[in-house]
Amino acid sequence: MSQQHSAAPAPNSAVSAVEGRPDWWRDAVIYQVYPRSFADGNGDGMGDLEGVRTRLPYLRDLGVDAVWLSPFYASPQADAGYDVADYRAVDPMFGTLLDADALIRDAHALGLRIIVDLVPNHSSDQYEWFKRALAEGPGSPSRDRYHFRPGKGKNGELPPNDWESIFGGPAWTRVTEPDGTPGEWYLHLFAPEQPDFNWEHPAVGDEFRSILRFWLDMGVDGFRIDVAHGMVKAEGLPDLGDHEQLTLLGNDVMPFFDQDGVHDIYREWRLVLDEYSGDRIFVAEAWTPTVERTANYVRPDELHQAFNFQYLATHWDAAELRTVVNRTLDAMRPVGAPATWVLSNHDVTRHATRFANPAGLGTQIRLAGDREVGLRRARAATLLMLALPGSAYVYQGEELGLPDVVDLPDEVRQDPAYFRGAGQDGFRDGCRVPIPWTRTGPSYGFGDGGSWLPQPADWGGLSVEAQTGEPGSTLELYRAALAVRRERADLGAGDAVEWLRAPEGVLAFRRGEFVCVANTTGESVPMPAYGRVLLASGEITEAAGEAKVPADTTVWWSAS
Ligand code: GLC
């Protein structure tokens, strides 16, 4: 037990739950805080829980329902906290368990729910169990909690199979045994500092159910499950064979991703969660080949939501968007789960940059692009997302229209994928640059002590301060959109849209009294005026029952 455990606040029935609608999550807007980069309370250049706590009123005023925090647990930070060394402790760089407790209480008092990240696919190589497994050597029971295997080749010098790490290079690392000889290999689908747990071992399941209870007792309202598609590996860890792993990823069920066995884990977890009051939820980070396979994660006795990465990966193209919306709603309806829309997160190029990329580039390619076009499309895409039935996630800074930072110097980069080369392009740091709060001042109000990644010189103009009260600013657009969503039950609710006739390149749909029109073309398009304009991401002009919807613009109408 670390010292922090003993400092843990008593399991707390005392944390009051958020009063609210049952099933709040079905149409909730949930804001992702990346704690390193949100707000720095102690001026050390790194965001922290105190920083988040003091900015909660901003999030309440923005109009979101809940906050998901990326990991803040004790971690050597080999993968920005997704390498957890103690699942029940807060890393000192982010604060203490008492800070977590204060954050949860303050959030609840403001009517905001808190969702924390859970990283069950792998631990840090500094986690107690892994250190013991290394120390106790081959054949010891502690090795069974991970995937240790002898190597292939004459002297075991080759990895046990042909799997590659998502961050590039082999998914296996050979260890030096306690007697100093080169020994077994262990599996890590991500960085070598992130050994994969063996979920066949009952101790792993027991440990994670206990971790769930720890945070549920702390009063959290839910969990985002990291690599939710990865915990179970195909029996025998079969080779992929003669395939380019990268081209298979996301397109096929892999021997290490989206195996049916993961669902047994979620059924067990659901039983734990349902013992607690307060309508708490699980959301899966599951990169599956299709939305139909994603729907498996949100069957009634499993998880509540799963990010729709097919939607995230869709280009700014009306036909493609319509197809993915239809397919998603058709896939979710039979399992009774809401669609969960998302455009940006800490792993992909911010959508204000991505939508300026030429079609065909993936979600992780960052080009300088045309910023004006990117931002226009991003604002339109957000209004489209927020008009669809279901829940939506907003990544910190997108409400400011932040672009990705495409020119970070090599020496400041921290993304492990950058250092391992061939896998993902390793530029995730570009969407993780600390966000600007004020026009001027050290790190634009992020904190008093600079910022762990340098912010571009023009970010003062994109700050919360600069955009607040500024008509037409992206921040005011988000505030207005979320206010409309709160007022009107017809956005977010339901499980279907009624498509309206529209010219090529334009999406139009009705939901009750509400109509949404999104023009994805580069030209202004005449459309019928459907009633009163509730909100638009650009300037709409109307004359004689006709409205001109400018290029890359979304409009919300109310027929009443
Ligand atoms: C998830 C996280 C990502 C992390 C990876 C390994 O995809 O979102 O940031 O690198 O898992 O934990």
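The values are calculated or read from the model by the stated rules, or taken from the named source; none is laboratory data. From a predicted model like this one, the values you see are computed outputs, not experimental measurements. Glycine also receives a Cβ, built like all others from the backbone with ideal geometry; neighbour counts cover every protein chain displayed. These accessible areas exclude ligands, DNA and RNA; they are computed on the full protein's heavy atoms, side chains included. Shrake-Rupley method; radii C 1.70, N 1.55, O 1.52, S 1.80 Å.
Our summary gives the chain a relative contact order of 13 percent, counting only alpha carbon pairs under 8 angstrom and 6 or more residues apart.
Listed by chain and number, the aspartates and glutamates whose C-alpha is less than 14 Å from the C-alpha of residue 548, apart from same-chain residues fewer than 8 away, are 523, 539. A cut-off of 5 Å between modelled amide H atoms, ignoring neighbours fewer than 5 places along the same chain, links residue 500 with 508, 509, 510.
If you plug the beta carbon distance of residue 140 and residue 501 into 1/(1 + (r/R0)^6) with R0 = 56 Å, you get a FRET efficiency near 0.25. Site pair residue 217 and residue 548 shows an inter-label distance of 6.5 nm when each label is modelled 7 Å from Cα along Cα→Cβ. Given their separation in residues at 0.36 nm each and the Cα-Cα distance between them, residue 486 and residue 177 gain 105.4 nm when the chain is fully extended. Please list, by residue number, everything in region 127-145 whose backbone N is under 14 Å from a paramagnetic label point 7 Å out along Cα→Cβ of residue 210. Hits in region 127-145 for residue 210 at 14 Å: 128-130.
Determine the equivalent ellipsoid of region 14-161 by diagonalising the alpha-carbon gyration tensor, then write out the semi-axes as square roots of 5 times the eigenvalues, largest first, rounded to whole Å. Walk me through the numbers on the way to the answer.
Details: eigenvalues 293, 59, 38 Å².
For region 14-161, the ellipsoid semi-axes come out as 38, 17, 14 Å.
Residue 372 label point, 7 Å along Cα→Cβ, cut-off 13 Å on backbone N: hits in region 509-553? Under cut-off, by backbone N: 551. With all pairs of different C-alpha atoms in the average, the Kirkwood value for the hydrodynamic radius of the chain is 24.3 Å. Run the paramagnetic zone check for residue 419: 7 angstrom along Cα to Cβ, then residues of region 154-195 with backbone nitrogen under 13 Å. Taking a point 7 Å out along Cα→Cβ of residue 419, the residues of region 154-195 whose backbone N falls under 13 Å are 191-194.
Hey, with R₀ at 60 Å, roughly what FRET efficiency would residue 277 and residue 154 work out to, going by the Cβ-Cβ distance, to 0.05?
On the way: r = 60 Å, r/R0 = 1.00.
Given R0 = 60 Å and the Cβ-Cβ separation, E is 0.50.
Taking only protein heavy atoms and a 1.4 Å probe, the accessible area of the chain is 51% carbon and sulfur. For residue 233, a cut-off of 27 angstrom between C-alpha atoms picks up these lysines, skipping any fewer than 8 places away in its own chain: 131, 152, 154.
For region 307-391, the per residue solvent-accessible surface stands at 31 Å², with DNA, RNA and ligands left out and a 1.4 Å probe.
If each residue of separation counts as 0.36 nm, what is the full-extension length gain between residue 476 and residue 128 once their alpha-carbon separation is subtracted? Show your work: numbers first, answer last.
Values: separation 348, 0.36 × 348 = 125.28 nm, distance 4.71 nm.
Result for the pair: 120.6 nm of gain on full extension.
Net length available on complete extension from residue 268 to residue 439 is 56.7 nm, with 0.36 nm assigned per residue and the Cα-Cα distance removed.
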